[in-house]
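Structure first, then comments.
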Amino acid sequence: RSSDAANLSSAIHIIFGIILESSIKCTQCLNENSKQSYESIWSISIISYLTLEQALDGFCSVEELAGDDKFYCSDCRAKVLGLKSTKLNHVSPVIFIQFK
């Protein structure tokens with residue numbers, strides 16, 4: 001988090017970029033782990049979507065981590081079903097979006 005604060009202190013970073021928050025929530029104990037990261041370019045996959053709005057919704061949608069993708073919960077001490085999400089915590093006035 002301190003590196004994100006440092007990024008936002010730069011004039012360039014105040015004008016350009018975003019801060020994303022990625023989190024995974026355990027469905028057993030409801031423990032949630034999250035981390036923030038500064039990105040100068042927002043990369044969005046558009047291959048599976050018909051419209052830009054669908055792609056943006058897909059980027060911020062909740063993904064279920066199940067089967068081989070289950071995650072290890074340190075509180076439960078087991079691989080469990082999890083819910084992964086990404087949200088925008090800060091958006092600068094100017095952002096670069098890369099469609100892939």
What number of residues within segment 21-44 are of a type in the set (S, T, N, Q), part of a strand (DSSP E or B), in contact (Cβ under 8 Å) with a residue 40 or more places away in the chain and exposed (fewer than 14 other Cβ atoms within 10 Å of the Cβ)? 2
Scan segment 45-100 residue by residue and report those that are in a loop (DSSP other than H, G, I, E, B), surrounded by 14 or more Cβ atoms within 10 Å (Cβ to Cβ) and not aromatic (Phe, Trp, Tyr). ILE46, LYS70, LEU81, SER92, ILE95
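When the residues of segment 43-63 are filtered to those that are of a type in the set (D, E, K, R) and within 14 Å of the chain's Cα centre (by Cα), which remaining residue is modelled with the highest pLDDT?
My answer is GLU63.
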Residues in segment 48-59: is at least one in contact with a Leu (Cβ under 9 Å, 6 or more places away or on another chain) and not aromatic (Phe, Trp, Tyr)? no
What pairs come up if the first residue lies in segment 71-96 and is farther than 20 Å from ALA55 by Cβ and without any contact (Cβ under 8 Å) to a residue 12 or more places away in the chain, the second is charged (D, E, K, R) and assigned to a strand (DSSP E or B), and their beta carbons are under 8 Å apart, counting only those six or more places apart or on different chains? TYR72/LYS79
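The values are calculated or read from the model by the stated rules, or taken from the named source; none is laboratory data. This structure is a prediction, so every number in the text was calculated from the model and none was measured. All Cβ positions, glycine included, derive from the backbone under ideal geometry; neighbour counts span all protein chains shown.
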